[in-house]
Amino acid sequence: MLVAIFQNIINALQWGSFYALIALGYTLVYGVLTLINFAHGDIFMVGAYIAFFVATFFLTTVGVPGWVALALTIPLTMILTSMVGVALERVAYRPLRRKGANRLYVVITALMCGLILQNANLALLGASRKAFPSMITEHVYNVGGVIFTDLKIAVIVTTILSFFALQKIVTKTKVGMAMRAISYDKFAVPLMGVPIDNIIVVTFVLGSGMAGLAGILFAMSYPILDPYMGALIGWKAFIAAVVGGIGDIRGAFLGGFLLGAVEIMVVAFFPSTFRDLIAFTVLLVILAFRPTGLFGVAKTTKI
Amino acid sequence: MFRRYSIQLILVVGGGLLTYVAYEELLNLYTLSVLMFMGVNIILSTSLNLVNGNMGEFSCGHAGFMCVGAYVSSILGVWLFTKDKVFGAPILDPEWALYAFPFIILAGGVAAALAGLLVAIPSYKTRGDYLAIITIAANYIVISAIENIGSIGGSRGFMGMKKVVNAMGDVVDLPWMPIWVFIFTIFCVWIIRRYVSSTFGKGVNAICQDEVAAEIMSVNTNKIKTVTFMLSSGLAGIGGGLFAYIIGYVNPGSFNILKSTEVLVMVYLGGMASLSGAVLSAVIFTIMLEALRPLQIIKWVVIPLLLIIVMQFRPEGIMGNKELSDIFPWMKRFYRFK
Amino acid sequence: MNNSNLKPDVQPVLEIRNLIQQFGGLKAVSDFNVCLEPGGLIGLIGPNGAGKTTVFNLVSGFYQPTSGEILINGVNTAGLKPHQVTGLGVARTFQNIRLWNDMSVLDNIRVAQHGKLPYGFFHAIARSGRYQSCERQIEEDARELLEIFVLQDFADEFPKNLPYGTQRKLEIARALSSKPSLLLLDEPAAGLNSADVKELIRLIRWIHEQFDVTIWMIEHHMDVMMELCTYIKVIDFGETIAEGVPVEIRNHPAVITAYLGDDNI
């Protein structure tokens, strides 16, 4: 019984890690722009594909050992994925923002960007799934009946570390301060001499970088890639971010792990087809009791 | 006299023409089905526009309600009028199919309206992006629930509606599906226009623009939200029912978030809170979808790209929040859209 | 206005007893009492953050009081939602104008009669006889009100395009369209220039005479208050520090201290 509990906890932490990493990207962009970047799930997918190409390049074309390839793939993928995110912001979102379009038109544009990423991928690379090359050999450990791999632990640890790094950036650095300031008042901040567009670019770099990281880790854990892998996981990560309290990175982190835990628990006790049904119902109930999420602060209307 | 009834006259003539053309098979089946999907899309986009445009909420789970309507009216029709593996012999004489059909579709609408409560009740306390999440979750919940009911096919889908359509044709030999789609499309636009142009329905706009002021100025915001959400989801259910009978087959997968996204696109392409914009963009979108069909998979790259470009040039949609009659004042003599 | 000089047979428009409102540790309103008899024109003043708007929010049902009673035309408003309170005959304006900016001026007036609509959704859809006659009546009333306020030329205009002073006027017109017995004006002169303020004084006095309505207003322009009000209540930090006729208030030591600070510090 205890073994099963620990086993499920480890599984939940690993599964929640992906949600948490992606939710962090949603929440960063939302916090700064109040924009639901619906393309974010697909940026995660693009990250996984970029990791695929980069890793294959290093392993087969250059022919370096696996751990070198991994050490090179992680930063390179994160950089390239950030560039995709920034490109979307520059090409699609910024012009609309400049024109003062209704916020929801930017959201729809984001949805469209997501569709383009998915289907362009499908058109370019074909419908066949890609198998991710293995860079390191996984070791399976068995501690008192609880089975886990070093990769699983690495995923969890990486997620927690990147959360703390992000938290540090947002709370302690000048850029982070500017990001939080914009989320409070985006009209006053430019008047204080803060280059708002640069800060937004930094936000997209951070968010998409996290999605890229999630892409690598996901591809290493589940080494089959397909163009639609980002859609469902992206929507769910968004929901996780909202349940945590969108705009708050602690909330996104916690929400991601919470969703992971709920899904793993449902699968442990019910047929797996009930996963979405029960997971979403639980989230609805949470939102019913805390309408602005776990960490969200209720907006008080002043009259 | 002529002017007063001109719009009714145009509709009757148009409907008659459509029936004639369909009856004589002057249009091939493909064009006819595109026209029918256009009708369904008009229903979907105008009904979502009620919530997303007029009320200013961001509902992204419209396909969920469509799904409820589609399943309820399909099951009802198949159960009542056909011999089916699951439900056994028909309950009623198939001759009644024609007369019962509108009620079957309406029943789907009523069921979807009740499902709308799933979103309406949280909306009392929750607004904006948090409500958006609830709508997405509602969409997933509906689909997931149906996938888990094995007796109606689960994720494999449900069929048998063609037999009901054929039974209608056996009663009176007319192309019934185009006729019903036409009638329900008109019905839907007509209801929405009457709703939003009444003082009662203008409360919806008041909520959108300033909910606090609306509540303090005596608008019962919870009631208006409930009515609006239920009306919107109910009409989506009607659209879903028609969709099911046009295709003759439903499965939960065809009502996923992607379908909701399509509807969202139609609403924002047309312009928020513009009824004629919603109709127009549904027509344009359907035509675009069909015209680009030869591109196959690239279609879904080209369409979003086109939409992004359109939004860069018209960041408030085709019509903004205006109606056709605002842009072409001569139309006011015949019809006021609001 | 005090309990003492209220005739026993007159039903007070508004009666507030021992009203307390607490936000966390902050006591925004403490032990507030008032009794307004019909036809008064009463003022509520106090320094910024004194809790004046909170009192109005409590009366209009936007907040539920921590304790105490609010009776409007004899009905206790405890547990009522704002639209129900409005239905009892209260209407208000807002410190920062809150018009529905993307609805025509005429529609702004029409929607304010929402609470009195005798028809519901199905009548609206069916365009029943009741609907027709009711809509005609509403439109007639709305146009008449606009004419009274000399706003008829703006009927199809959007409020956001109107000058600030006109928006203030429209907001008052909108409040009156629900035919209230108590009108709460929250800083109606805020942001107006002196010419507009003079016109506002005339307008409020005229409304008070023309419409059968009790007016209770918050205002920082002392000249407006001194000229209009027959009775003034002063609060600071949620506490009532003085009340009386304008002349008394003008020279009340507690009021002077609250506004100008204590000489002894």
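Out of A:Ala211, A:Ala268, one residue alone is at pLDDT 90 or above and either more than 10 Å from chain B (Cβ to nearest Cβ) or in a loop (DSSP other than H, G, I, E, B) (or both). It is A:Ala211. In the range A:271-303, of all residues being surrounded by fewer than 17 Cβ atoms within 10 Å (Cβ to Cβ) and closer than 19 Å to B:Glu147 by Cα, the one that is nearest to the other protein chains (Cβ to nearest Cβ) corresponds to A:Thr273. Pull up the range C:99-108, narrow it to residues that are at the interface with chain B (Cβ under 7 Å from one of its Cβ atoms) and within 23 Å of C:Gln84 (Cα to Cα), then point me to the one that is surrounded by the fewest Cβ atoms within 10 Å (Cβ to Cβ). In this case the residue turns out to be C:Asp107. Each residue in the range B:173-200 was checked for being more than 12 Å from chain C (Cβ to nearest Cβ) and either part of a helix (DSSP H, G or I) or at positive phi (or both), and 12 pass.
Filter the range C:169-193 down to the residues that are out of contact with any helix residue (DSSP H, G or I) (no Cβ under 7 Å at 6 or more places or on another chain), assigned to a helix (DSSP H, G or I) and of a type in the set (Gly, Ala, Ser) and list them by number. Passing the criteria: only C:Ala175. When restricted to residues that are under 22 Å from the mean Cα position of the chain (by Cα) and either part of a helix (DSSP H, G or I) or of a type in the set (A, V, I, L, M, F, W, C) (or both), the range A:282-296 contains 7. Could you tell me whether any residue of the range A:28-35 is more than 29 Å from A:Gly255 (Cβ to Cβ) and surrounded by fewer than 23 Cβ atoms within 10 Å (Cβ to Cβ)? No, there is no match, as no residue in the range A:28-35 is more than 29 Å from A:Gly255 (Cβ to Cβ) and surrounded by fewer than 23 Cβ atoms within 10 Å (Cβ to Cβ). Annotation note: of B:Gly239, B:Gly169, B:Gly203, the sole residue that is crowded, with 24+ Cβ neighbours inside 10 Å and away from chain C (no Cβ under 14 Å) is B:Gly239. Just one of the listed residues (B:Phe243, B:Phe229, B:Phe255) is closer than 20 Å to B:Pro178 by Cβ, hydrophobic (A, V, I, L, M, F, W, C) and touching a residue at least 24 places away in the same chain (Cβ under 8 Å), and it is B:Phe243. Considering the conditions (1) facing chain B (nearest Cβ under 10 Å); (2) surrounded by fewer than 20 Cβ atoms within 10 Å (Cβ to Cβ); (3) assigned to a helix (DSSP H, G or I), A:Thr109 is excluded by exactly one of them, (2). No other residue among A:Ala48, A:Ala69 is in contact with a helix residue (DSSP H, G or I) (Cβ under 9 Å, 6 or more places away or on another chain), at pLDDT 90 or above and buried (at least 24 other Cβ atoms within 10 Å of the Cβ) apart from A:Ala48.
Taking the stated definitions as given, is C:Val111 within 11 Å of chain B (Cβ to nearest Cβ), without any contact (Cβ under 8 Å) to a residue 12 or more places away in the chain and surrounded by 21 or more Cβ atoms within 10 Å (Cβ to Cβ)? Taking the combined requirement at face value, the residue satisfies it. If you check A:Met220 against the conditions, is it free of Cβ contacts under 8 Å to residues at least 12 places away in the same chain, among the aliphatic types (A, V, I, L, M) and within 28 Å of A:Ser82 (Cα to Cα)? So A:Met220 does not fit the description; no. If you filter the range B:116-156 down to residues that are within 21 Å of A:Thr34 (Cα to Cα) and among the β-branched types (Val, Ile, Thr), you find that the one that is farthest from the other protein chains (Cβ to nearest Cβ) is B:Thr135.
For the range A:159-174, a residue qualifies if it is surrounded by fewer than 16 Cβ atoms within 10 Å (Cβ to Cβ) and either part of a helix (DSSP H, G or I) or touching a residue at least 12 places away in the same chain (Cβ under 8 Å) (or both), and the qualifying residues are A:Ile160, A:Leu161, A:Phe164, A:Ala165, A:Gln167, A:Lys168, A:Thr171, A:Lys172, A:Lys174. Within the range B:132-167, if we keep just the residues that are out of contact with any Ser or Thr (no Cβ under 6 Å at 6 or more places or on another chain) and of a type in the set (Lys, Arg), the residue that is farthest from B:Ile75 (Cα to Cα) turns out to be B:Arg156. Residues in the range C:206-239 that are assigned to a strand (DSSP E or B) and over 30 Å from C:Lys179 (Cα atoms): C:Asp236, C:Glu239. Evaluate the following for C:Val90: is it within 20 Å of C:Ala28 (Cβ to Cβ), crowded, with 20+ Cβ neighbours inside 10 Å and either within 12 Å of another protein chain (Cβ to nearest Cβ) or modelled with pLDDT of 95 or more (or both)? So C:Val90 passes the test.
Identify, please: which residue in the range B:52-71 is more than 21 Å from A:Trp235 (Cα to Cα) and not aromatic (Phe, Trp, Tyr) and is, among those, surrounded by the fewest Cβ atoms within 10 Å (Cβ to Cβ)? Going through the qualifying residues, I end up with B:Gly56. Scanning the range B:9-32 for residues that are without any contact (Cβ under 8 Å) to a residue 40 or more places away in the chain, over 19 Å from B:Thr286 (Cβ atoms) and among the hydroxyl-bearing types (Ser, Thr, Tyr) yields a count of 1.
With respect to (1) more than 25 Å from B:Ala206 (Cβ to Cβ); (2) more than 12 Å from every other protein chain (Cβ to nearest Cβ), the lone exception for B:Gly277 is condition (1). Scanning the range C:152-178 for residues that are surrounded by 19 or more Cβ atoms within 10 Å (Cβ to Cβ) and within 11 Å of chain B (Cβ to nearest Cβ) returns C:Pro159, C:Glu171, C:Arg174, C:Ala175, C:Ser177, C:Ser178.
The single condition from (1) of a type in the set (Ser, Thr, Tyr); (2) in a helix (DSSP H, G or I); (3) not assigned by TED's automatic domain parsing to the domain that holds C:Ile109 that C:Thr166 fails is (3). When the range C:73-87 is limited to residues that are more than 9 Å from chain B (Cβ to nearest Cβ) and in contact (Cβ under 8 Å) with a residue 40 or more places away in the chain, the one that is farthest from C:Trp216 (Cα to Cα) turns out to be C:Gly74. Any idea which residue in the range A:112-158 is surrounded by the most Cβ atoms within 10 Å (Cβ to Cβ), counting only those that are more than 14 Å from every other protein chain (Cβ to nearest Cβ) and among the polar types (S, T, N, Q)? Among them, the one singled out is A:Thr158. Exactly one residue out of B:Ala111, B:Ala107, B:Ala145 is within 19 Å of B:Ala244 (Cβ to Cβ) and more than 20 Å from the chain's Cα centre (by Cα): that is B:Ala145.
The values are calculated or read from the model by the stated rules, or taken from the named source; none is laboratory data. Predicted, not measured: the structure shown is a model, and the values here were computed from it. Neighbour counts run over all protein chains shown; Cβ positions are idealised from the backbone, glycine included.
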